[in-house]
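In what follows, a structure is listed as structure tokens, so that the remarks can point back to it.
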Amino acid sequence: MSDPRPASRPSPGPDLRIQAKELDREDELAVKRAEFVLDDTVYLDGNSLGALPAHVPDRVADVINRQWGRLRIRSWGESEWWTAPERIGDRVAPLVGAAPGQIVVGDSTSVNVFKALVAAVRLVRGEGDGGGSGGGDGSGGGPRVERDEIIVDATTFPTDGYIAQSAARLTGCRLTPLTPAEVPTALGPRTAAVLLNHADYRTGRLHDLPGLTAAVHAAGALAVWDLCHTAGALPVGLDEHGVDLAVGCTYKYLNGGPGSPAYLYVRRELQDRFDSPLPGWNSHAEPFGMRPEFEAADGVLRGRVGTPDILSMLALEAALDVWDGVSMDAVRAKSLALTDFFLRCVAAYVPEGLVESLTPDAHAERGSQVALRCEGAGDVMQRLIERGVVGDFRAPDVLRFGFTPLYVSFADAERAARVLAEVLES
Ligand SMILES: Cc1ncc(COP(=O)(O)O)c(C=O)c1O
């Protein structure tokens with residue numbers, strides 16, 4: 001007869017803790033952690049605000065005390081403030097797989113979404129260059145079909161959706177919200193531009209940037225990608241995959257600081273036809289000519305608008321030093337190992353049925369965050385934070401844990417899962 005007592009489950013704790021230590025010992029990026037200001041909290045919110053690189057305060061102090069305080073207006077030239085947007089754009093470029101001369105830093109992601117999306121519609125309609133330019137117009141040589149549809153990721157972070165609505169109104173387009181998976185079959189001869197997120201901000205799902213960009217191009221439209229949740233977390237390959245326009249923030253995995261400026265990528269071949277809906281004196285061919293007529297600057301400079309926010313921008317420039325010598329492939333490998341390990345720890349520690357993972361199992365579909373759905377998620381996250389595990393909560397019921405490979409350890413992942421189990425069981 002079998003023993004009616006429930007078999008006691010051996011605690012997985014010591015085993016997973018030992019494994020975490022081993023993984024940390026083998027981690028080639030582990031040395032990077034010392035370059036950041038961190039304490040003994042487990043910081044899993046770098047997908048919202050990256051941690052402070054330790055050398056940034058001194059660099060910003062120099063910008064304030066010497067460049068601003070002593071050189072004052074001379075710094076626009078002598079400290080190279082004026083050229084910061086394109087110079088720092090060239091520092092971001094290799095991190096997203098772009099050759100130099102295609103990225104300017106400035107403004108917020110929201111503003112850059114607006115520039116990119118309206119410009120994409122204008123480009124594909126050939127406004128200003130005497131003919132359609134985004135590919136076939138689907139008319140097979142017959143009468144020209146006006147491209148009057150913008151497709152937007154229906155699961156997008158809200159700002160992209162709001163701005164797409166406004167961009168559609170301004171350009172006389174119809175707005176079609178669709179999930180990224182629905183996009184290929186919905187594309188048609190009237191589609192002008194498609195705005196997509198590389199990774200879903202809520203679930204962390206990674207979308208197929210190469211495949212979707214190719215599908216958009218095959219339909220004769222242009223693709224605009226929001227890279228907020230992938231730049232600095234995994235290889236993006238903008239040039240390799242023929243992305244037309246892209247935007248992203250720098251305060252998440254790029255650790256640029258709260259509200260640090262965003263960036264705009266314009267593929268080189270599109271730059272001379274890029275017609276910004278926000279032409280400012282900084283995008284003028286001769287900014288100090290003070291002429292009433294607008295004449296766009298050459299190249300990606302036409303993505304600039306007004307005076308750059310120098311303090312934030314130079315804090316970002318300093319922060320980007322942490323990437324020197326770092327391979328994005330190593331970052332991706334560690335990111336996947338971390339999220340795999342965290343999910344294993346959650347499965348081992350958290351009693352079944354208390355959380356549901358929204359994070360895809362397949363590596364090809366996973367960004368650098370784990371999203372867990374659970375009851376009372378807002379309250380659970382509050383209690384996690386009180387116990388030194390900082391992630392965040394997205395309404396209505398999602399716990400988000402961001403894994404920044406440059407400073408999150410496997411021990412952090414194990415501790416976060418263990419504390420989560422304690423909170424959920426208490
Ligand atoms: C995908 C995505 N796009 C845009 C934004 C917001 O951009 P902004 O910097 O304009 O606030 C966020 C903010 O978290 C985001 O996650």
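Some observations on this one:
- Test: Pro100 is away from the ligand (no atom under 14 Å from the Cβ) and in a helix (DSSP H, G or I): no
- Answer residue from the stretch 192-206, given it is more than 19 Å from Tyr265 (Cα to Cα) and outside any strand (DSSP E or B) and is nearest to the ligand (Cβ to nearest atom) among those: Tyr201
- The listed residues are Val266, Val243, Val247, and the only one of them that is open to solvent by less than 10 Å² (accessible area, probe 1.4 Å), of a type in the set (A, V, I, L, M), within 14 Å of the ligand (Cβ to nearest atom) and touching a residue at least 12 places away in the same chain (Cβ under 8 Å) turns out to be Val247.
- All positions within the stretch 362-382 that are closer than 23 Å to Tyr407 by Cα and touching a residue at least 12 places away in the same chain (Cβ under 8 Å): His363, Ala364, Glu365, Arg366, Gly367, Ser368, Gln369, Val370, Ala371, Leu372, Met381
- Test result for Pro279, surrounded by fewer than 17 Cβ atoms within 10 Å (Cβ to Cβ), away from the ligand (no atom under 16 Å from the Cβ), not basic (Lys, Arg) and not in a helix (DSSP H, G or I): no
- Residue check, Pro189 within 21 Å of Val92 (Cα to Cα) and surrounded by fewer than 24 Cβ atoms within 10 Å (Cβ to Cβ): no
Results for (1) of a type in the set (A, V, I, L, M, F, W, C); (2) touching an Asp or Glu at 6+ places or on another chain (Cβ under 9 Å), shown as yes or no for each residue.
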| residue | (1), (2) |
| --- | --- |
| Ala347 | yes, no |
| Glu356 | no, no |
| Arg373 | no, yes |
| Gly376 | no, yes |
| Val380 | yes, no |
| Arg387 | no, yes |
| Gly391 | no, yes |
| Arg394 | no, no |
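- Condition met for Ala297 (in contact with a His (Cβ under 7 Å, 6 or more places away or on another chain) and surrounded by fewer than 24 Cβ atoms within 10 Å (Cβ to Cβ)): yes
- Within the stretch 137-155, restricting attention to residues that are modelled with pLDDT of 95 or more and surrounded by 21 or more Cβ atoms within 10 Å (Cβ to Cβ), the residue that is nearest to the chain's Cα centre (by Cα) is Asp153.
- Any hit, the stretch 229-236, residues being open to solvent by 10 Å² or more (accessible area, probe 1.4 Å), out of contact with any Leu (no Cβ under 8 Å at 6 or more places or on another chain) and away from the ligand (no atom under 13 Å from the Cβ): yes
- Here the condition is being in contact with a helix residue (DSSP H, G or I) (Cβ under 9 Å, 6 or more places away or on another chain) and assigned to a loop (DSSP other than H, G, I, E, B); of Asp107, Asp39, Asp24, it holds for Asp107 alone.
- Yes/no for Thr359 being within 22 Å of Lys252 (Cα to Cα), outside any helix (DSSP H, G or I) and at pLDDT below 95: yes
- Leading residue by the ranking (surrounded by the fewest Cβ atoms within 10 Å (Cβ to Cβ)) among those in the stretch 156-183 that are under 20 Å from Thr203 (Cβ atoms) and away from the ligand (no atom under 16 Å from the Cβ): Ala181
The values are calculated or read from the model by the stated rules, or taken from the named source; none is laboratory data. A quick note: this is a predicted structure, and the numbers were derived from the prediction, not measured. We place every Cβ from the backbone using ideal geometry, glycine too, and count neighbours over all the protein chains shown. The protein model used for the area step is the full one, side chains on, heavy atoms only, and it has no ligands, DNA or RNA in it. Shrake-Rupley method; radii C 1.70, N 1.55, O 1.52, S 1.80 Å.
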